[in-house]
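Working notes, beginning with the structure itself.
The values are calculated or read from the model by the stated rules, or taken from the named source; none is laboratory data. None of the values given here were measured: they were computed from a predicted structure. No Cβ is skipped: glycine too gets one built from the backbone with ideal geometry, and neighbour counts run over all protein chains shown.
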Amino acid sequence: MGRQVIIDALEEYVVSAKENEDKMRLRAALTLYFKALVEGCDLLLYDKILKVPSNHTERYELLQRFFPDIYKIASPLFAVYRKSYSQVVTKEDVKKVKDGANAIKEKAKAL
């Protein structure tokens with residue numbers, strides 16, 4: 001997987017998440033914002049170590065090691081994302097994940 005593939009996926013997830021949020025499909029929006037967050041994390045890691053993690057555990061271990069500030073944003077949002085599996089998703093949940101995704105996206109753009 002190359003850098004451009006990650007960037008394209010990140011952008012697609014953000015656009016799709018916004019469309020779902022606008023239509024009040026909050027579970028779908030939250031899921032897509034989280035996927036955008038993950039792509040942002042993967043872009044940072046790819047740029048730093050030329051590696052894309054194969055799962056969430058590896059991703060969080062690498063973030064903790066190479067980007068502790070990003071780890072502090074992403075890690076707590078995983079629980080919010082997992083909530084979407086079986087619980088009601090609120091606008092506040094979507095906002096938290098969206099804000100995290102945007103913060104990480106901006107950090108990735110800055111590098």
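The table below gives the values:
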quantity	calculated
Selection count, the stretch 72-95, where residues are free of Cβ contacts under 8 Å to residues at least 24 places away in the same chain, over 11 Å from the mean Cα position of the chain (by Cα) and part of a helix (DSSP H, G or I)	7
Tally, over the stretch 47-59, of residues that are within 28 Å of residue 19 (Cα to Cα) and assigned to a helix (DSSP H, G or I)	2
Residue list for the stretch 67-111, restricted to those being closer than 17 Å to residue 44 by Cβ, at pLDDT below 95, of a type outside the set (D, E, K, R) and surrounded by 17 or more Cβ atoms within 10 Å (Cβ to Cβ)	108
Only one of 13, 46 that is touching a helix residue (DSSP H, G or I) at 6+ places or on another chain (Cβ under 8 Å) and over 16 Å from residue 70 (Cβ atoms)	13
One residue from 36, 28 being in contact with an Asp or Glu (Cβ under 9 Å, 6 or more places away or on another chain), surrounded by 12 or more Cβ atoms within 10 Å (Cβ to Cβ) and either touching a residue at least 60 places away in the same chain (Cβ under 8 Å) or acidic (Asp, Glu) (or both)	36
Candidates 42, 8, 99, filtered to the one that is among the charged types (D, E, K, R), touching a residue at least 24 places away in the same chain (Cβ under 8 Å) and assigned to a helix (DSSP H, G or I)	42
